[in-house]
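Asks: Here's a structure for you.
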Amino acid sequence: MTRHDDALGLARIRIRAAWMFLAPTLIVLAAVAGWPLLRTIWFSFTDAELGNLSGYRFIGFANYLERYEGEWLGLLADPAWWGAVRRTIWFALVSVSLEAVLGMIVALALNARFPLRGLVRAAILIPWAIPTIVSARMWAWMLNDQFGVINHALLALGLIDAPVAWLADPDLALWAVVIVDVWKTTPFVALLILAALQMLPGDCYEAARVDGIHPVRVFFRVTLPLIRPALVVALIFRALDALRVFDLVYVLTSGSAGTMSMSVYARQQLVDFQDVGYGSAASTLLFLVIALLTLSVVVLGRLRLDGEAGR
Amino acid sequence: MNAARLAGRLAFALLLLAIILFALFPFYHALVTSFRSGSELFIPGLFPAALDPRNYALVFTQQNFGRTVLNSVLVAVAVVGFSMLLAVAAAYALGRVRFRGRGALMLTILGVSMFPQVAVLSGMFELIRALGLYDTLPGLMLANLVLTLPFTVWVLTTFMRELPKELEEAAYVDGAPPLTVVRRVFLPLLWPAMVPTALLAFIVSWNEFLFAFTFTLSAETRTVPVAIALLSGGSRQELPWGLVMAASVIVTLPIVALVLTFQRKIVSGLTAGAVKG
């Protein structure tokens, strides 16, 4: 045998081994992700109910849209669903924008040299480490209309005349969800931006300083373009997370008072109303929205997945 | 000039103070509340009047919280162990071997980590019921894999790829089989990446709410987030806030301690993976 044959044989052995090593992961993922997803999509075309998941009929697109006695019925004709869609998108846009701005400020601050920097960085990790359910409960108590510390503080400062019903007022409840989400996830965004900032070359800053260019100008002309890739990746992950928001909304406001997100709507149909067919249709639509967004991001952003990892 | 610099320094210090306050105050407030009972709760104050541990005792005696914490630990440990075992093998294949379809597989795995949980909810419910795992801890362990496995594979693959190319060549030339190579060559080198990845997976499982809330029913199978979400006192009017905060502090302190201990590694793990918030 020649060396060339040896190398080929080795490559073949390694590729076979690679597939064997991959098999368990692929089987598990097919079982816990692929199969349930396909079943959910299938259920969305049936009239299945939670109490009896085996006795159902295929009903086509009736869960999505159906003309019945001169009226449009189904998910796509349900104003409550469209309300949930609108609210979820609004929530994702507002919270991710705020997280981008605040995350940038925090990252720039932490990128400066000052004593105890490590301690401050550790401190901002704490909101991120706290379980979402716990954050929701903590903030629900702080935002409590009668005894909450926030109303107390605002009253004492004279900023409001009467206690504000943060979580019960439909106009404010979604803002409350935004505030808690921003509090919890700004650290994640800030740390990703900080990592990008720390990889920037120092010499162009030196040059800008020598030329006497204003720091704000340097930020918009040099820093922002250089860290844009990292920023975009961080914000995309955050946006996808925000679009499927469930825990926070469910515990903070019980999904009522005009805060119901798409996920909360789908679960309510599925579990509370036992309507697996209709709830699955809502789940499927949410999945499609997120899948389309992810795909367009992958294509547009040309995240290279082979060779270099998408960082 | 000097005055301007002083003002700048002062503004920066104020900014840092604001950041620290914003980050830490809610947890501090929960801590203070957890030591208050009865009417004390409704008097505003930034400092505890007295350290009254009554709520902490009540959480364990009245709410059977010990069992709940144990459930969460069992589920998280099983999920982390299983995910890591599968992910190390998969990461070797995806990170060290060139084969056709690798890019597509990575894309699929990344795609799974983007799944909204709700999208698999009804299918998972059917699966768990069919396997007879409804209202059991193994059911939750199975379900949580969909959340932890994709990103553990992703992060470990990214790490594996960075290791020098020559690493396994010598072992292969000596005729060692791939399993031995993974065990002897890669496992020791992977520890620095495995620790933060396992910790992130643990946190994901520890915090998971939607599956646990949907796939369990009885108090005996409740996990921590479900117990805290369902905690309510005798009266429907006002929640037992002291009790809720005591439970919150109990489940948060270990996580915060872990995160602070491994903070450097977590930050690098997050930036390498950038998959999970």
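Asks: For segment B:180-206: of the residues being crowded, with 19+ Cβ neighbours inside 10 Å and hydroxyl-bearing (Ser, Thr, Tyr), which is modelled with the lowest pLDDT?
Replies: It comes out as B:THR197.
Yes or no, residue by residue, for (1) among the β-branched types (Val, Ile, Thr); (2) within 14 Å of chain B (Cβ to nearest Cβ); (3) touching a Lys or Arg at 6+ places or on another chain (Cβ under 9 Å):
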{"site": "A:ASN63", "(1), (2), (3)": "no, yes, no"}
{"site": "A:TYR68", "(1), (2), (3)": "no, no, no"}
{"site": "A:ALA77", "(1), (2), (3)": "no, no, no"}
{"site": "A:ALA92", "(1), (2), (3)": "no, yes, yes"}
{"site": "A:MET138", "(1), (2), (3)": "no, yes, no"}
{"site": "A:GLN146", "(1), (2), (3)": "no, yes, no"}
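Asks: A further question on this structure: Go through (1) more than 10 Å from chain A (Cβ to nearest Cβ); (2) surrounded by fewer than 21 Cβ atoms within 10 Å (Cβ to Cβ); (3) at pLDDT below 90 for B:SER218 and report which single condition fails.
Replies: Result: B:SER218 fails condition (3) only.
Asks: Can I ask one more? Just need a number here: residues in segment A:158-171 that are modelled with pLDDT of 85 or more and farther than 20 Å from A:ASP247 by Cβ.
Replies: Our first condition is that a residue be modelled with pLDDT of 85 or more; within segment A:158-171, this holds for A:158-167.
This time we only want the ones that are farther than 20 Å from A:ASP247 by Cβ, so: A:158-165.
Count: 8.
Asks: What about A:GLY255, is it under 30 Å from A:LEU172 (Cβ atoms), modelled with pLDDT under 90 and not hydrophobic (A, V, I, L, M, F, W, C)?
Replies: yes
Asks: Which of the helices (runs of 4 or more DSSP H) found entirely inside segment B:1-101 contain at least 3 residues meeting this: in contact (Cβ under 8 Å) with a residue 12 or more places away in the chain, more than 13 Å from chain A (Cβ to nearest Cβ) and surrounded by 16 or more Cβ atoms within 10 Å (Cβ to Cβ)?
Replies: The helices (runs of 4 or more DSSP H) meeting that bar are B:54-63, B:65-96.
Asks: Follow-up question, since we're still on this one. Of the numbered conditions (1) at the interface with chain B (Cβ under 10 Å from one of its Cβ atoms); (2) in contact (Cβ under 8 Å) with a residue 24 or more places away in the chain; (3) out of contact with any Gly (no Cβ under 7 Å at 6 or more places or on another chain), A:SER44 fails exactly one; give the number of that condition.
Replies: It is condition (3) that A:SER44 fails.
Asks: Taking segment A:109-148 on its own, how many of its residues are of a type in the set (Ser, Thr, Tyr) and either assigned to a loop (DSSP other than H, G, I, E, B) or modelled with pLDDT under 85 (or both)?
Replies: Looking only at segment A:109-148, we keep the residues that are of a type in the set (Ser, Thr, Tyr), and these are A:132, A:135.
Okay, now just the ones that are also either assigned to a loop (DSSP other than H, G, I, E, B) or modelled with pLDDT under 85 (or both), so none.
Residues flagged as of a type in the set (Ser, Thr, Tyr) and either assigned to a loop (DSSP other than H, G, I, E, B) or modelled with pLDDT under 85 (or both) within segment A:109-148 amount to 0.
Asks: When you look at A:ALA112, is it at the interface with another protein chain (Cβ under 8 Å from one of its Cβ atoms), free of Cβ contacts under 8 Å to residues at least 24 places away in the same chain and closer than 27 Å to B:ALA201 by Cβ, yes or no? Show your work before the answer.
Replies: Details: at the interface with another protein chain (Cβ under 8 Å from one of its Cβ atoms): yes; free of Cβ contacts under 8 Å to residues at least 24 places away in the same chain: yes; closer than 27 Å to B:ALA201 by Cβ: no.
So A:ALA112 does not fit the description; no.
Let's see how each residue does on (1) under 30 Å from B:LEU145 (Cα atoms); (2) not β-branched (Val, Ile, Thr):
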| position | (1), (2) |
| --- | --- |
| A:VAL32 | yes, no |
| A:PRO36 | yes, yes |
| A:THR46 | yes, no |
| A:PHE61 | no, yes |
| A:TRP81 | yes, yes |
| A:ALA92 | yes, yes |
| A:SER95 | yes, yes |
| A:LEU98 | no, yes |
| A:LEU102 | no, yes |
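Asks: Residues that are within 10 Å of chain B (Cβ to nearest Cβ): which helices (runs of 4 or more DSSP H) entirely in segment A:182-287 hold 3 or more of them? It would help to see each step written out before you state the result.
Replies: Numbers: elements: A:203-210, A:215-218, A:224-243, A:247-253, A:262-267.
Per the criteria, A:224-243, A:247-253, A:262-267.
Asks: Working carefully through the options A:ILE41, A:ILE27, A:ILE89, find the one that is farther than 23 Å from A:MET262 by Cβ, among the hydrophobic types (A, V, I, L, M, F, W, C) and in a helix (DSSP H, G or I). It would help to see each step written out before you state the result.
Replies: On the way: A:ILE41 fails: farther than 23 Å from A:MET262 by Cβ; A:ILE89 fails: farther than 23 Å from A:MET262 by Cβ.
Criteria check complete, one pass: A:ILE27.
Asks: May I pose another question? Are there any helices (runs of 4 or more DSSP H) wholly within segment B:106-173 with 1 or more residues that are closer than 30 Å to A:VAL298 by Cα and either at pLDDT 90 or above or within 9 Å of chain A (Cβ to nearest Cβ) (or both), and if so which? Walk me through it before giving the result.
Replies: Details: elements: B:117-130, B:137-162, B:169-173.
So the answer is B:117-130, B:137-162.
Asks: If A:ALA62 passes every condition in (1) part of a helix (DSSP H, G or I); (2) more than 29 Å from B:LEU15 (Cα to Cα); (3) hydrophobic (A, V, I, L, M, F, W, C) but one, which one does it miss?
Replies: Going through the list (1) part of a helix (DSSP H, G or I); (2) more than 29 Å from B:LEU15 (Cα to Cα); (3) hydrophobic (A, V, I, L, M, F, W, C), A:ALA62 breaks only (1).
Asks: Here's a follow-up. What tally of residues in segment A:149-163 results from selecting those that are surrounded by 19 or more Cβ atoms within 10 Å (Cβ to Cβ) and either touching a helix residue (DSSP H, G or I) at 6+ places or on another chain (Cβ under 8 Å) or assigned to a loop (DSSP other than H, G, I, E, B) (or both)? Working first, answer last.
Replies: Step one: of segment A:149-163, the residues surrounded by 19 or more Cβ atoms within 10 Å (Cβ to Cβ) are A:149-151.
Still in the list and also either touching a helix residue (DSSP H, G or I) at 6+ places or on another chain (Cβ under 8 Å) or assigned to a loop (DSSP other than H, G, I, E, B) (or both): A:149-150.
Here the count works out to 2.
The values are calculated or read from the model by the stated rules, or taken from the named source; none is laboratory data. For clarity, every value in this text was computed on a predicted model and none was experimentally measured. As a convention, Cβ positions derive from the backbone with ideal geometry for all residues, glycine included, and neighbour counts pool all protein chains shown.
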